[in-house]
Structures are given as structure tokens and as C-alpha cells.
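First comes the structure, then the notes that go with it.
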Amino acid sequence: MDPPPRRLAAPLLLLLLLLAAAFAAARAWKKDEFRNCNQTPFCKRARTRAPHSLEAPLSLAAGSLTVAPDGSISAELSHPSRPRPLVLRLSALPPHALRLQIDEDYSTATPPHRRFHVPDVLVPDLEARTLHLPEPKTAAGVSTVALSSDLDVVVKHDPFELTVRRAGSGDPVLSFNSHGLFDFEPMRESKPEDETWEEHFRSHTDKRPRGPQSITFDVSFYGADFVYGLPEHGSTSLALLPTRGPGVEESEPYRLFNLDVFEYLHESPFGLYGSIPFMIGHGDRASSGFFWLNAAEMQIDVLAPGWDGATAQENGQIDTLWMAEAGVVDAFFFVGSEPKDVIKQYISVTGTPSMPQQFATAYHQCRWNYRDEADVDGVDAGFDEHDIPYDVLWLDIEHTDGKRYFTWDRSAFPNPEEMQRKIADKGRKMVTIVDPHIKRDSSFHLHQEATDKGYYVKDANGNDFDGWCWPGSSSYPDMLNPEIREWWADKFSYENYKGSTPTLYIWNDMNEPSVFNGPEVTMPRDAMHYGDAEHRELHNAYGYYFHMATADGLLKRGEGKDRPFVLSRAFFAGSQRYGAVWTGDNSADWDHLKSSIPMVLTLGLTGLPFSGADVGGFFGNPEPDLLVRWYQVGAFYPFFRGHAHHDTKRREPWLFGERRTAIIREAIHMRYSLLPYFYTLFREASVNGIPVMRPLWLEFPDDKETYNNGEAFMVGPSLLAQGIYEEGQKSVSVYLPGKESWYDLRNGSPYKGSVTHKLQVLEDSIPSFQRAGTIVPRKDRFRRSSTQMVNDPYTLVIALNSSGAAEGELYVDDGKSYDYQQGAFIHRRFVFADNKLTSFNIAPDNLGKKFASDCVIERIIVLGLRSGAKKAIIEPGNQEVEIESGPISLRSGSSPVAPTIRRPNVRIADSWTIRIA
Amino acid sequence: MRLLLVGALLLCAAAAVESKPPLDTLGIPPQDEAYYRGGVIKCRDGSGRFSQDQLNDDFCDCPDGTDEPGTSACPEAKFYCKNAGHTPVTIFSSRVNDGICDCCDGSDEYDSNVTCKNTCWEAGKAAREKLKKKVATYKNGVVIRKQEVERAKEAFAKDESELAKLKGEEKILQGLVDKLKEQKKLIEKAEEEERLKKEKEEKRIKEEAEKQAAVEKGAPDASWDVDSKETQDHVQEDENKVAEQHDGHATDHDNHVTESGASVEQHGSVSKDGISAEAGTVDELPQKESAASTLEKDLSSDNPEGLSREELGRMVASRWTGESVNEVSKDDKKGHKDEQEIPEPAEEALEDEIEIPEPAEESYGGYHSEVEDDRHKYEDEEFDHESEDEYVDDHDDHVESYRSDDNQKADHHSDLTEPGHASWLDKIQQTVQNVFQKFNFFKTPVDLSEASRVRKEYDDASSKLSKIQSKISSLAEKLKHDFGKDKEFYSFYDQCFETKEGKYTYKVCAYKKATQAEGHSSTNLGRWDKFEESYRVMHFSNGDKCWNGPDRSLKVRLRCGLSNELNDVDEPSRCEYVAVLSTPAVCVEDKLKELQNKLDAMSSKQPGHDEL
């Protein structure tokens, strides 16, 4: 990982050695600074336990099993050696989800503290949607409950074990505790003399005043070839590879613990900035999901077949072990026939992704730091001079007055409003950074106010927690408290945030939270939050609450009419409701480019469709060829932003010679031309959570070839791209799934499906294809920013399948407000069949508002059309238009490859048909 | 009624013209209008052809944009705005009807929801005013530059002749020094012989006394004396070995180490110089690095208890910022600060190179002291090595030419030196002559006052010689540089340009180095590298290293101005600085002509208007 040694002025060996040591120390990921499982008592304990070896396995008291008035089933779990029983609750959520909750029984005086339930993550109407479960049928220590017409829940009493199975075949789908590893450490009133509750890590002491309270259990996914999910980890593998068992050398479990990791590794199970305890199992026969709502540190083992010593390979079963330091069992079992169903169910529990504004889906330009107004002007002008569109210019921490957020360094930014207005005049936006650490400076009103109101997180002694971050000594608002979130949201009003304007949006960084002098660069676990909660119980959700409060602030600022844009580094289940995330401080190397795809795909699978990696790599200087490749891949990221560390050389797209400038321009242009398609995909995501950027298997769930392909990806249902992840790569193998053909996006050449094609690598693009049978809406006129494209005409690219048919969608709204929620949008389905293209309205008619657009379609390219027709007839109107051969993209030198309907000029808002005569 | 109708028609026509310009010329520069005549027009990239109807029909037929110069339909097309009253420009098709006024005549927004005012007149006027000012600056600048160039030529010639003069003087002086050395040797030899004789005499007397005693006691031992004599001969044959022959001879070493012997010592000291520089760096590095590296060490070990919470915070923060853990504040706005940098080991040597003190004087001054001492004094002098080599090479010639010119005296040297300047040389020569004439080599005993006089003259002359040699080397060093086509940058050699920006003072010394100073601490932004972009940019490179970043560097862009003024220092990338220097040195005539032509062109397109 060390960078090559720098060129030295003097060839002095000693100096060289010293330097090398200094750089090695400065640049490498510091393994020692992070706790591994062996250093984490609850993890070590749970991980070394053999199946079915628990001293006090929990069993269900048959007599306690009842259907509650709300339709859920409750029961008691106990063991004679335990001080008191646990309370179990089972509830059903339509269509195919089961919720299992297990907690202490608080009806007696003990335990002294309530375990933490993560608030404000599940959608508010969840309880209301709970189905009424029928009376369980109990026989021979086994109770069966029909979850739906095709699913049963089977509960074995002693020891307690739960299986979700298909009603007809009896095939299991998911099971809980089938390996007898379920352990639930009871909270205790006081520390026994012979125990030590304190834990030490490096120079830090965790007092752990409440003692051990961890929870462990095993979950099995049946019919799964692979499991996926559990962001965030650096990985070049899309599937979660086994962490323990035969064939696995030394390894850690996947760790979910939000951390600000300096120069993280592209391949490591250690936790990064965000955590989503959601796993999807998939095979050609089944798709299922498991979500554990718990914000404490979690460690998850994916167990290799035979891990438990069983020699007989149960076919297509993957066992997993889940361990958390605190909290309760609040687990969801999702059963899908298709993987998309599993995602939809997860989304139905944690909320639908917010619909971004149009600008947010375009290109963003960032750097730590654009230093002053002249710099901002210069970069803005640079894009125009080189005819490269961009929509958003970002300001990192240096724009503030001494890292006091909501303020400006007035020597560098004397007129922030004027600066934003100038950018806004070109239809562009700006973003400033607002982090959760507040400078402990008595002259800083925000600090004063937070102190006076007692709004800061407290340390173990009850004082305001004081940690070190960018501004130096800092404190952190307790975002768990809704009142404090409310207070925080108000800080974004124009009145409170001086120098902000309506075209300014927000970036939340360091919200893991990052505490430079804290254990593992974060907040001590014994810090105290609202409601007597310890930081350990909610750590992974702190950044989520901060993101939530910031997004609410922008919503309030815009009086509920302007969709917020807030990028966050930390995230948790549900973050999709508040905005975009990115993969944090990656590095400018080829491996990080490669791992960005599995990382972004995983985020998409776990409900966060709006994500991306820093194009170019944050740390270090990318070789120009790497930067170019990164733009070509990044142009397909749902969130597309170039960003760089302040020690790096400038890397605005035009700084690497004319040829490279042209290639980068081409990549960004491609993104802009596909913006109508992307926006339509974001709409889909906002309705049902299906990600914008998708693993191949999400579209081709039966094609095993695709299951662990982390190098190629789908954008929506229609486009497939394959990154180039090696320097100077000459050829690349691309697997194109499915029976239908694929058309090269650059030249329209067809390629057969279900074949791995060995393709020559081109300098000016990465392999990308449109799937036969799809229609992709584009806008092929280029502008300074997406704002100026609003009235531009569309191009439809139709790729016909083997039966001469294709279909696609287009969603358009004002790109900004919430009027779409009242029906102010255009949503069309284009269907091509029998030589006829038809535009159908798929928006409901009866909603209040309408969205008007005079936009027309100027060009329809039909790939795979065999007819030699020269004319097409538009109905209504019986208008004749020409068909001629045209290129697939408008670049100098491209040759005509496909029949193109010239200037049909039909409105996207209307229904019509175009018949090829 | 009829008039009204005509009026209305005209109005309509005018309105039409304003909103929809004629398609056959829309966005086409005048020189290309011919290309678009005719029924069928070719796409420029040869990809196809299009009909007159398809010209500017808002549909892209040629991927290269040939058919849509006036619309936004082809991404690669360019739109020409006439901008009557100002300068015509060609804009990207992406700007056509995008709702933003790009052409001052507003012609790019003929079909959009904005109405653009025609601002060409005002903008043109402002542009012309600006250009006029620039032309005026250039006019004056060109004059100043001419003067500068003249001065530079004179100065250059002067420096060249000074160099030649110095070289001539060096030659003469070398001859004198050689001669004096010869004399000194002879004197010393004579003295030594005298001393030995005396010693012998004393010894003889003593021996005789002892003999007398020995007659009573035993046999004598005379071997020591013979040994000593042999060694001395040896020294004179091969002085290089003298240094090795330290083994306790009674002979006075100092007096026997000759010029070339010193030279050997110097070679030794040069290599030692390298060693000591190394040692110095090693000493220095831990000092500067210690804070960070010890903290790093502490932290990477399992026991960072040594750190306070704050130190730990600073240490972790410094990974991202690359800033010193000792800094009190992270508010450093421009990120200029970088206390953690690795020291430049060669810097001291370089500074010597640049400032060219008179190292020879010091070292020669110390000539008579102990050899050990000399070694120390030579330590820092890189040049001695070189000049000594030269000296050795030229040695024979010098002696020869001196001899042949022996009697010609100062007359000969007047070619080389300007009248009046040669006086000291004359004097020295005169003195030396006198010394030679007076001194009788064969006179015994040696005249002590004469001997000390020779020694003194020798010391004076060699010190003078080394001064001259140092001057020669610094002047030669200067003249090696690139001073531009017309030597217009000659005066930059001895100048530094300064500017204050915030808390920093920037100092740019052309051909030397650039620094950023804050209070007493100074950061090297780079050493002189070269001119770039045909003398438009001065490049300084290999400055102090940035922690976690590149070596600092500075590019100074040169702009025509009436005086030398440094401005606009900036750091667009970490540790890569830029600045602007206004100077008459780049006010070239060609550019003035170009600007003048541009101004004329702009003004001529303003019939009547401009002069109002």
C-alpha cells in the first residue's frame, strides 16, 4: 500500500530510510488502531462457540404462546438458569415478511436499564400494516403459523428455533437458530465481584457500566448460492465471501461499525463509514433477505459449507452468524420469488428513497478545497471553456471561518451570496459542508447555544463530551433527540445560515462520528445520549440521525417545496429517505476503482440507490489514464462526483492534455445524454427501492454466471457496462447475460447474449451495451448544465429483440419540487411491436396537479430493424416523416448504422403511434 | 392608411428578423458563407451530405455539425456571432438558445425564453478601452525594454570583459605566486639547511663533548641523522605522500606542505564535506520530524498512553491534513503551512553557490595554520576543488607565459585591463620584482627580514589570487545563464522581487530561488530551474518538500508592465505556487504590433460610433 518512494534530492541512505518509514507510517491503513474480533470480548466469545453448545439454550414456553389483540403472536423464551424470561413477538407484514422481536421482560423491576430500540428508522405506518396472524397449530413441541397462503412459520420450542418455509413444498427459506447459537446476555443489576466489566483498547477505557448485553444468533439462507449486502466494506467481490470455515484462511467477520478509516483498504471485512445490517441470499431457486434493526457494533460471519463439521453438503444453504454488542432482537425475514421482491420488502419497512432533484443526478465537481471566490470562478469558467457540463460546485471545510460550520471564511469568500448567484445564473448549484463536530469556542453562537440548552452528547461522567476534530476541541449535538434534530434543522434557514441562498445544498461529512482522539477514531461507547442511551447502543445510527436532521433543515428552508439534497458519509438502514451517500475517502489507485463497483452495487441492494465513489480517488494523484477510466465508470454511478484531497495536484477534467480532455468530456456528455433515463430510474427507485445501478443478477436472477460478477453492472433494466480496471489493458472479457442480443452503445454493433465476449479495449470508452428489447430515452444536445436541457428534444433509442419488440419508460417532472406527489409528472411507456411504436400514459389521471412540457422527440433510432422502410406515419394526424440511416451517437466521424426516424417531433406529453410504413 | 400598413409590415419584418434570423446564414462566419451555397452540401468530415433545406433545420445530419451552425442540434457545431460593435466570436452550439446570453449582440438566443440586450456597443467600447490601455502599456514598455536591453548588453559586455580581465590577472598573479612559492621554498630550504647545519654544528659540538665522555663510556649512534635527510629528499620529490608520512619526524611539517600538498588536503575535505552534510542532515531530520514520528511510533505501538487526548486528536487529524501535530490551530486558510517538511540536504551548499562569498580568502588566510585547521576551513567550499583543478591544469602555461613576458611589465596587461584598474597588479608585480632583485639566494646566513618579506608577499599574492578565482567563478557562473533572446533579463540576475500576501512575504530571486517567509521562518518555494513557454514563465522547482506532498515549486508568469512588480501569488494545488510578475522585459514589439492591429481592427468596425 505504500506509495513509491518520492524522488530525493540527496542520495543519502539514512534519510531515505527515515523518509520511507515516515511515509509508510503516514500512508498505510492502521490495522492496530481498529479492534478485531479477538480484541472484542462479545465477538470472541460468540465466534468461538460450537453449534448447539450453549449452556443455557432458550426455549419457548408452550403455554405462553398467544395471539395478541393486534394480531401478533407473543411468547416467552426462558431457561431455568436465567434470572427471568425474555419476551418474544412475531408479526407479519404483507406480502411476505415476518418480524421477530425478542427483548427483556420489563414488567418486573429488573433489569435496571431498558435495552435500546432504534427509533425513527422503521416507517411510521409499519404497525398499522401488520397482518392479523392466525392461531398457531402446536404439535410435538412445534408450532406452525400460516404467514400467508404460501408461507408458513415453524417454531420449534426447545430449543427455540424458527423457520420460514414454503407452505406447499415445505422447503425452508430462512431459519433462525437452527445451529443453536442464539444467545441473549441478560442485563444485570450490578457487577459481580469476580467480573471485570471495563474494557481497554489501546489508551482508551470503556467503563461498560451496564456490563455484557450482547446478542448472537445464526441465520440460514436456503437455496442461496451467495449472500450479498452488509455495507460498508471495501471489496472487489460483489458477493459476501465466507469469513470462516473450510477453505477460509485467517479472517475477520464482516464488521458493521461506522468508522472514519484513514486510507481504507479496497479489500477488507473491517467496517467503514456506514452500516446496514441487511443481507440478501440468492440462488436460482430462491431469493430471501434478513434485516436486523440494531445500531450497536455488529459482527457477521458468513460461514463456508462444512464450518460446523457437517460433512453432508446441504444443497444451496448458506449459514451466517450475527453478533451484536447490545440492543434487542428486532429482525425481519423477507421472502421473495425474485430478488427485486426482497428489496421491495426491505424498502417497505425502512422507507422509500427520496426523489432527487434533476441537478443532483448530473455531474458534481468537488475538491478539498476550492479556496476562494476567484478559484470558484476559475473552475466554473474552465468547464465552460472546455464545453464540459457540470451542475454543482462543492466547497469543503476550508470555506468556513475556522471550521465553524454555517460560517464563511470572509477573507476567501467575502460575498458568498454573490458567488452563488453567479453560479446559479448558469443554472448551477453549490454545496457546502456541514459536519457534526461543533467548535468549542465560547464566541461561536452555535456552541454557546448548544451548551446552554444541554444539547451535546455527554461523556461517561455526564459532562459535555469533548473530542478532537477539524476545529480542534469539539462537541457533538445529540442527534438521537428529536428536539435537538428540530433545533439543528432550523440552523439551515436563510436567516440562521448567513450567506446561504436557495441554490446552496449540503454535505454531511465526519458523521460516523469521527473523533480524532477517540477510540478507533470515534466516540467512546460509554458516552451518553438522550433517553439514558449509551453511545454503544446507537453508534451506527448517529450519522443517520444527523443526515435526517440536515435534510429536514433543507426541507424546512424550502418550505416543503424544494427537495433537499444532502450527501452523507455515514449511513444506516433508512438513510435512503434523506439523500445520497458516497464511499468516503478512497484512494487514487486501480484497485479502488475496481472495488467501487461492488461497493456501489451493494449500497443499491441494501436500499441506497443514490451513491457513488469519488471519481479519481480521494487520496493521492491518479495517473491520467486512471482518472480517465474513472470518469468513464463514474459516469454510470448514480451519484457522479469528482473529488480530491488537498495534497493532490489539481485534476479538473481539462488538465491532462487535449486528448484526455476530449475523452472525459465524452464520458460526462454520455451521462448528460442519459439523464432522462437516469431520472426515470430514480423515479422507480423512489417508488419501490429498486436500485439505479444494479448487479447483473438482479435483472437476470436465473443466470448463475452473473451471481458474483462485480466488474460489470446494469444501469436500470436496459444498459450494461463493464469497467476497465487495469492500466494499459488491451482486451477485456465481458459476459452478456440473457438470451437476447446486446447493442454496443458507441456504434450499434450487435453482440449475442449468454456469451462471454472478448473485446478489444478502446481508449475512449468502456464497454457498454443496450439490451435488445429495451427503449432508452436520451437528450443528445449538450448544455452547460442539466438546467438548460429542460426544453431540449429527446432521442429514443430502440433496441429490438428477436421478436422485433422493445419497451421502455420515461418519467419527467419539474425536477425540483414535490408537485409530482400531487400528480404533476409525465410518465410514459413506449412499446414497439409489429413495426409500430406507441406511447402510453402510465401516470394516474386522477391526481390533482399536472406537469406540462412541450418537449418533443426529435429522433428515434431503431437498432435491429430489418425493414428498409423510408417513411413512417404518425398518428394521430397521419403525418409522414422520413426514415434515414443515422449514427447512434452524434460525434464527429460516427457513421450511420441504424434506421433513424427524422424529426417526428411528437410531444412526450401526448399519446401517439408511429408506424414504420 | 397605406403608410400605416407599410409601417406595420416593416414592424412585422423587423420583429421576424429579430426573432428568427435567416437560416442560410445563421451562425455561419462570413468566410464560410460560400461553403453553404448550392443545393447539396457536404458534411466537412465526409460522413455524408445534406440539402439546403437541412441547413439549420434543427436536426443534426452531420455528426460533425456542418449542417447546424445556427442551432444546438449538433453537439460539435460552432455558432458564429457577428457582434457588430465588438469582436465577433464563435461559441459552442451548446450555448445556442440555452437561456443564457453569450453573444453581446444576443444572436445566440434567437429562440429562447430570454431576451438579450445588445451590449456590443458598451462591451466593445470597454474592450477597446482596455485594449488601448494595454497598447499604451506596451508602447511604453517596449521603450523601457529597449533601454533595458541596451543596458543589459553593456552590462553583459562589461561583465565579459571583466571576466577576461580577471582571467588575465589570474594568469599573471598565478605566475607571481608560483615564483614566490619557488622563492619561499628556496628560502625555506636555505633556512632548513642553515638550521640543520646549525644543529649539526651543535650536535657535533655536543657529540664531541659526548665523544669525550664516550671515550670513557662506549660506541656512538649516527643513524637518525641519515634517516631524516632521506625523508626530506623524498618529500620534495613527491609531496603528495607527505600527508601520509606523519610518523613522528622531527621535521617541521608545516613548512614543507606545498601548494599541491594543500590541494590534496582539499580533495580530502571535499569528500569530507559530503560526509558532514550527511551528518548534518541526519542531525536535522530527527529534530524536525521528531514530533510526528515519535507520535506515530507511540501510536502504532500498543501503548500510546504517552499521548494526551489532544495530542492524539492532532496526530490523527494530521494524517488527513499533513499538518504538524504541534500546530495550535488548524485554521490555516491556504494550507501554506508545512512545518513537517523534510529538510533539503544540499541547501547549504547551494546557498554558497548562489551567494558566492569569498571563500578563498578565508582558506588562504588560514594557510599557515595547522593542516587540521585548514581542513575545517575548506569544508564548505565546493569551489576550491574546481578552481584548484583549473589551477593545476594551467600551471605550466602560466609559468611559461610569465617567463616570456617577464620583462614586458604592465604594458602587456593594458589590453586586458582597463587603465587605472591595473594599479594594484602593477604594484604587486613591482614589489615582487623588488623582492626578487634584493634577495640573494646564495647568501648565508639567510636574511631573516627578506625571508619574512617573501613569505608575506607570497601570502598576499595567493590570497589575492584566490579572491580573483572566486570572482571568476561567480562571474562565469552568472554568464552561463539564459538571459533571453536580447538579454532582456540580464538585470534580473541581481534582483529579487517581493510581495506580501496575508501573513506571508514572497521573495522571488530570478536565477536563484524563491521563498515564502512568515516572520523569521522561511520556506524555499523552489530553486531557479528555467524559463518556460518562450520566456513567458519563470520556473522554480525542487523547493522544500511538502509533507505528504510534492516538492514545492513556483511558476511566475511574466506580464508586460512598466516596472517589475510581483503579484497574485497563489497555490492552486498543494505546494504548487503561481505568481505574476509585471515587467517591461516581456513588452515585445511583435506583441505590440499584434495588439495595435487588433485595436485598429476593432476601431475600424466602428464607423462613426467609436469617436463619439
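The values are calculated or read from the model by the stated rules, or taken from the named source; none is laboratory data. Here the structure is a predicted model, which is why all the values come from computation and not from measurement. Cβ placement follows ideal geometry from the backbone for every residue including glycine, while neighbour counts extend to all protein chains displayed. With ligands, DNA and RNA removed, areas are computed over all heavy atoms of the protein, side chains included. Shrake-Rupley method; radii C 1.70, N 1.55, O 1.52, S 1.80 Å.
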Out of the range A:628-670, which residues are closer than 15 Å to A:Ala588 by Cα, among the β-branched types (Val, Ile, Thr) and within 14 Å of chain B (Cβ to nearest Cβ)?
A:Thr648
Taking the criterion of being within 47 Å of the chain's Cα centre (by Cα) and open to solvent by 20 Å² or more (accessible area, probe 1.4 Å), would at least one residue in the range B:64-73 satisfy it?
no
Restricting to the range A:749-783, name every residue that is among the small types (Gly, Ala, Ser) and more than 19 Å from A:Pro899 (Cβ to Cβ).
A:Gly753, A:Ser754, A:Ser765, A:Ser768
Is it true that some residue in the range A:448-455 is hydroxyl-bearing (Ser, Thr, Tyr) and within 20 Å of A:Asn369 (Cα to Cα)?
no
Can you say whether A:Pro95 is in contact with a Ser or Thr (Cβ under 9 Å, 6 or more places away or on another chain) and either farther than 21 Å from A:Gly168 by Cβ or among the hydrophobic types (A, V, I, L, M, F, W, C) (or both), as far as the supplied structure shows?
no
Just one of A:Phe262, A:Phe270 is within 14 Å of another protein chain (Cβ to nearest Cβ), among the aromatic types (Phe, Trp, Tyr) and either surrounded by fewer than 24 Cβ atoms within 10 Å (Cβ to Cβ) or over 24 Å from A:Gly617 (Cβ atoms) (or both); which is it?
A:Phe262
Under the condition of being basic (Lys, Arg) and not in a helix (DSSP H, G or I), which residue from the range B:543-599 is farthest from A:Cys366 (Cα to Cα)?
B:Arg559
Number of the condition not met by B:Leu131 [criteria: (1) within 22 Å of A:Lys422 (Cβ to Cβ); (2) surrounded by 17 or more Cβ atoms within 10 Å (Cβ to Cβ)]
(1)
Output for the range B:83-115, where each listed residue is away from chain A (no Cβ under 11 Å) and under 46 Å from the mean Cα position of the chain (by Cα):
B:His86, B:Thr87, B:Pro88, B:Val89, B:Thr90, B:Cys103, B:Cys104
Regarding A:Arg404, is this residue modelled with pLDDT of 95 or more, more than 30 Å from the chain's Cα centre (by Cα), open to solvent by 30 Å² or more (accessible area, probe 1.4 Å) and within 14 Å of another protein chain (Cβ to nearest Cβ)?
no
Hey, B:Lys153 under 30 Å from B:Leu592 (Cα atoms), part of a helix (DSSP H, G or I), of a type outside the set (Gly, Ala, Ser) and open to solvent by 20 Å² or more (accessible area, probe 1.4 Å) or not:
yes
Kindly indicate which of A:Asp509, A:Asp490, A:Asp466 is within 14 Å of chain B (Cβ to nearest Cβ) and over 23 Å from A:Trp368 (Cα atoms).
A:Asp466
All but one of (1) under 23 Å from A:Val118 (Cβ atoms); (2) out of contact with any Gly (no Cβ under 6 Å at 6 or more places or on another chain); (3) touching a residue at least 60 places away in the same chain (Cβ under 8 Å) hold for A:Val515, so report the exception by its number.
(2)
Lone unmet requirement of (1) within 11 Å of chain B (Cβ to nearest Cβ); (2) out of contact with any His (no Cβ under 8 Å at 6 or more places or on another chain); (3) open to solvent by 30 Å² or more (accessible area, probe 1.4 Å) for A:Gly454:
(1)
If you take the residues in the range A:469-487 that are away from chain B (no Cβ under 14 Å) and more than 23 Å from A:Arg536 (Cβ to Cβ), which one is surrounded by the most Cβ atoms within 10 Å (Cβ to Cβ)?
A:Trp487
Among A:Gly378, A:Gly382, A:Gly327, the single one that is without any contact (Cβ under 8 Å) to a residue 40 or more places away in the chain and either surrounded by fewer than 21 Cβ atoms within 10 Å (Cβ to Cβ) or in a loop (DSSP other than H, G, I, E, B) (or both) is A:Gly378
Going by what's in this entry, would A:Leu240 be described as crowded, with 22+ Cβ neighbours inside 10 Å and either more than 14 Å from chain B (Cβ to nearest Cβ) or within 30 Å of A:Ala712 (Cα to Cα) (or both)?
yes
Looking at (1) buried (at least 22 other Cβ atoms within 10 Å of the Cβ); (2) away from every other protein chain (no Cβ under 14 Å), find the lone condition where B:Asp486 falls short.
(1)
I need every pair where a residue in the range A:404-430 that is touching a residue at least 60 places away in the same chain (Cβ under 8 Å) has its Cβ under 6 Å from the Cβ of a residue that is outside any loop (DSSP other than H, G, I, E, B) and exposed (fewer than 15 other Cβ atoms within 10 Å of the Cβ), sequence separation at least 6 or different chains.
none
Run down A:Pro94, A:Pro112 and say which single residue is under 14 Å from A:Phe333 (Cβ atoms) and either outside the structural domain of A:Leu65 (by the TED database) or exposed (fewer than 15 other Cβ atoms within 10 Å of the Cβ) (or both).
A:Pro94
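The rows are residues; the columns are (1) open to solvent by less than 30 Å² (accessible area, probe 1.4 Å); (2) under 20 Å from A:Phe116 (Cβ atoms); (3) under 35 Å from the mean Cα position of the chain (by Cα).
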{"position": "A:Arg166", "(1), (2), (3)": "no, no, yes"}
{"position": "A:Leu174", "(1), (2), (3)": "yes, no, yes"}
{"position": "A:Phe182", "(1), (2), (3)": "yes, yes, yes"}
{"position": "A:Met187", "(1), (2), (3)": "yes, yes, yes"}
{"position": "A:His200", "(1), (2), (3)": "no, no, yes"}
{"position": "A:Ser203", "(1), (2), (3)": "yes, no, yes"}
{"position": "A:Asp206", "(1), (2), (3)": "yes, yes, yes"}
{"position": "A:Gly211", "(1), (2), (3)": "yes, yes, yes"}
Restricting attention to the range A:40-65, the residues that are more than 38 Å from the chain's Cα centre (by Cα) and farther than 14 Å from A:Phe184 by Cα number exactly 5
Can you work out which of the residues in the range A:892-910 that are crowded, with 18+ Cβ neighbours inside 10 Å and over 28 Å from A:Phe851 (Cβ atoms) is nearest to the other protein chains (Cβ to nearest Cβ)?
A:Ser894
Does B:Asp53 fit the bill of being crowded, with 16+ Cβ neighbours inside 10 Å, acidic (Asp, Glu) and either in contact with a strand residue (DSSP E or B) (Cβ under 7 Å, 6 or more places away or on another chain) or more than 9 Å from chain A (Cβ to nearest Cβ) (or both)?
no
Report yes if B:Lys545 is charged (D, E, K, R), touching a strand residue (DSSP E or B) at 6+ places or on another chain (Cβ under 8 Å) and open to solvent by less than 40 Å² (accessible area, probe 1.4 Å), otherwise no.
yes
Quick one: count up the residues across the range A:420-451 that are assigned to a loop (DSSP other than H, G, I, E, B), away from every other protein chain (no Cβ under 14 Å) and touching a Phe, Trp or Tyr at 6+ places or on another chain (Cβ under 9 Å).
2
Could we say that A:Asp834 is within 32 Å of the chain's Cα centre (by Cα), open to solvent by 20 Å² or more (accessible area, probe 1.4 Å) and among the charged types (D, E, K, R) here?
no
